[in-house]
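FYI, it's all coordinate maths here, none of it is from the lab. It should be emphasised that the depicted structure is a prediction, and the values quoted were computed from it without experimental measurement. Cβ coordinates were reconstructed from backbone atoms using ideal geometry, including for glycine residues, and neighbour counts include every protein chain displayed.
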Amino acid sequence: MRHDVCAPSVDGKPCYLSADGHDSRLSLLADDIEAAQLDSGDQVLAGAKAVLADPKAGERAVRFALTRASESLEDVIRIAVSRGGRIPGSGL
């Protein structure tokens, strides 16, 4: 079983761990990290929407919101690829 639990390395490659099963300590840790990343993504999305809805938001606020949203999107894509890789016949 492959479970993605960390950010890409310096050379841009994702880090993966192999766990003995979906109830192993490493697998459960990876699930907790993924849940935290998804929760963070929800918070970032709410903040980005608030900035975009504010006509007085300056360039700095918009750039900050977009930067955080890009980081969260990378996490979500990495999670989707990792989870898809655990689905038989997914082709990921």
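Things to note:
- Label-point gap, in nm, between Ala57 and Ile77 - each point 7 angstrom along Cα→Cβ: 2.1 nm
- 3J(HN,Hα) from dihedral phi, the range 26-38, Karplus parametrisation 6.51/-1.76/1.60, rounded to Hz, x for glycine, proline: 5, 5, 5, 4, 4, 4, 5, 5, 4, 4, 5, 5, 5
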